[in-house]
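Enquirer: Take a look at this one; I'll ask things after.
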Amino acid sequence: MYGSRPIAWAITAWPMEQLAGEDLDEKHSKALKTLRRNLYAYLSRKGAEWTEVDEETGGFNILLPGTYEDAARALQALWLSLHLVYMVSSREPSVWPEATEVYEIHRSYLEVIEHIGVRQLTFKQANQIVETASYIALLSTPLFPELFELLALDKPVAVVLHALSLYSS
């Protein structure tokens, strides 16, 4: 796909709880604060530059230099720290994946989600699902916030956040 060729990514991210106008309980809020602190430190180490936070939505814009893999890791971290994300490559990739290839990957992913949706997820499984989803989402840029819902990420993200909140108490 994009390989390890360096490019840059334009990202807009919004904290979900601010968009929803809801507060998390203290235990989950503490875990989320830790996740976000680590995320912002990670993005800074990667050379990210971002604008001031929008007071109304809590959203912010980031320019992230790096490869497709760097973008996928940033997307995974954003999703796990409860952000809805819009992300696009700053330049057109030289090779777009075939539509049938992307369709097959999405279909396979959703079959896996449906299969494990009937049983309890472990932290490791949930994290792997979100990681896989982040790579899939970036196959056909631009990435829209709706993909979070289309990829059925609410349960895996909730599992990770809950597991982390148990350790941050």
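The values are calculated or read from the model by the stated rules, or taken from the named source; none is laboratory data. Bear in mind that the values here come from a model prediction, so they are computed numbers and not experimental data. Cβ: placed from backbone, ideal geometry, glycine included. Neighbour counts: every protein chain shown. Ligands, DNA and RNA are excluded from the accessible area calculation, which covers all protein heavy atoms including side chains. Shrake-Rupley method; radii C 1.70, N 1.55, O 1.52, S 1.80 Å.
Enquirer: For residues that are open to solvent by 20 Å² or more (accessible area, probe 1.4 Å) and within 20 Å of Tyr68 (Cα to Cα), scanning just the range 123-140, find the one that is modelled with the lowest pLDDT.
Expert: Ser140
Enquirer: Would you please list the contacts, defined by Cβ atoms under 8 Å and residues six or more apart or on different chains, that run from a residue in the range 11-32 that is without any contact (Cβ under 8 Å) to a residue 12 or more places away in the chain to a residue that is open to solvent by 40 Å² or more (accessible area, probe 1.4 Å) and of a type in the set (S, T, N, Q)?
Expert: Correct list of pairs: Asp23/Ser29.
Enquirer: Follow-up question, since we're still on this one. How many of the residues making up the range 92-122 are of a type in the set (Val, Ile, Thr) and at pLDDT below 80?
Expert: Total satisfying the criteria: 5.
Enquirer: Sticking with this one: Which members of the range 122-134 meet the condition of being in contact (Cβ under 8 Å) with a residue 60 or more places away in the chain and basic (Lys, Arg)?
Expert: none
Enquirer: Still on this model: Using the structure shown, decide if Glu69 is part of a loop (DSSP other than H, G, I, E, B) and over 13 Å from His83 (Cβ atoms).
Expert: no
Condition check ((1) assigned by the TED database to the domain that holds Ala158; (2) polar (S, T, N, Q); (3) at pLDDT 85 or above) across all residues:
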site	(1), (2), (3)
Met1	no, no, no
Ser29	no, yes, yes
Thr34	no, yes, yes
Ala41	no, no, yes
Leu63	no, no, yes
Gln76	no, yes, yes
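Enquirer: Ok, one more. Would you mind telling me which numbered condition in (1) more than 19 Å from Ala10 (Cβ to Cβ); (2) open to solvent by 10 Å² or more (accessible area, probe 1.4 Å); (3) part of a helix (DSSP H, G or I) Phe148 fails?
Expert: Evaluating Phe148 over (1) more than 19 Å from Ala10 (Cβ to Cβ); (2) open to solvent by 10 Å² or more (accessible area, probe 1.4 Å); (3) part of a helix (DSSP H, G or I) leaves (1) as the failure.
Enquirer: Do you know which residues across the range 35-56 are of a type in the set (D, E, K, R), under 24 Å from Tyr167 (Cβ atoms) and open to solvent by 70 Å² or more (accessible area, probe 1.4 Å)?
Expert: Arg37, Arg45
Enquirer: In the range 99-121, how many residues are part of a loop (DSSP other than H, G, I, E, B), surrounded by fewer than 17 Cβ atoms within 10 Å (Cβ to Cβ) and in contact (Cβ under 8 Å) with a residue 12 or more places away in the chain?
Expert: 1
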